[in-house]
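Below is one structure, written out as structure tokens; comments come after it.
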Amino acid sequence: MSTKILDQVPVAAELGPMGLPIWFHHHGIKMSLTQFDPGNQVVVISASAATVTISPQEVGSENDWFVDWEVVQSRCAKTNGRIVMSGDELSAAFGVADHSFQSGAWLIERFGGHSAN
């Protein structure tokens, strides 16, 4: 699968009442790095109601990464999922690299930013 990288002109983000982008939930401020295992290449970012785990599909490879998440809405309800991201996509998602992919152009146009997918 090839991914086309676009050159985008940054657009100002639509900001909500707290000065954060309108798509951002304020509980995201509570997220922090809770585990870093360089040997197994695992990173866990979490708070009391949410967890994101990043791990390689194959230890020692920097090609494709699992991004697993879980969000707890209440004692009786939660949601979770998994996606696979390339190294370029993962770098862009965390702002390490300014890549914009064709599928994310609408996100940048509406919400602003430097990279999206």
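The values are calculated or read from the model by the stated rules, or taken from the named source; none is laboratory data. Since we're looking at a predicted model, the values are computed, not measured. Backbone-built Cβ (ideal geometry, glycine too); neighbour counts: all protein chains shown.
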Review point. When you look at residue 107, is it within 23 Å of residue 20 (Cβ to Cβ), out of contact with any Ser or Thr (no Cβ under 8 Å at 6 or more places or on another chain) and modelled with pLDDT of 85 or more, yes or no?
Key: no
Review point. Which ones in region 44-74 are without any contact (Cβ under 8 Å) to a residue 12 or more places away in the chain and either surrounded by 14 or more Cβ atoms within 10 Å (Cβ to Cβ) or hydroxyl-bearing (Ser, Thr, Tyr) (or both)?
Key: 44, 61, 74
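Of a type in the set (S, T, N, Q), out of contact with any strand residue (DSSP E or B) (no Cβ under 8 Å at 6 or more places or on another chain) and either modelled with pLDDT of 95 or more or surrounded by 15 or more Cβ atoms within 10 Å (Cβ to Cβ) (or both) - does that describe any residue in region 88-100?
Looking only at region 88-100, we keep the residues that are of a type in the set (S, T, N, Q), and these are 91, 100.
Remaining after also requiring out of contact with any strand residue (DSSP E or B) (no Cβ under 8 Å at 6 or more places or on another chain): 91.
Keeping just the survivors that are either modelled with pLDDT of 95 or more or surrounded by 15 or more Cβ atoms within 10 Å (Cβ to Cβ) (or both) gives 91.
Among the residues of region 88-100, at least one is of a type in the set (S, T, N, Q), out of contact with any strand residue (DSSP E or B) (no Cβ under 8 Å at 6 or more places or on another chain) and either modelled with pLDDT of 95 or more or surrounded by 15 or more Cβ atoms within 10 Å (Cβ to Cβ) (or both), which makes the answer yes.
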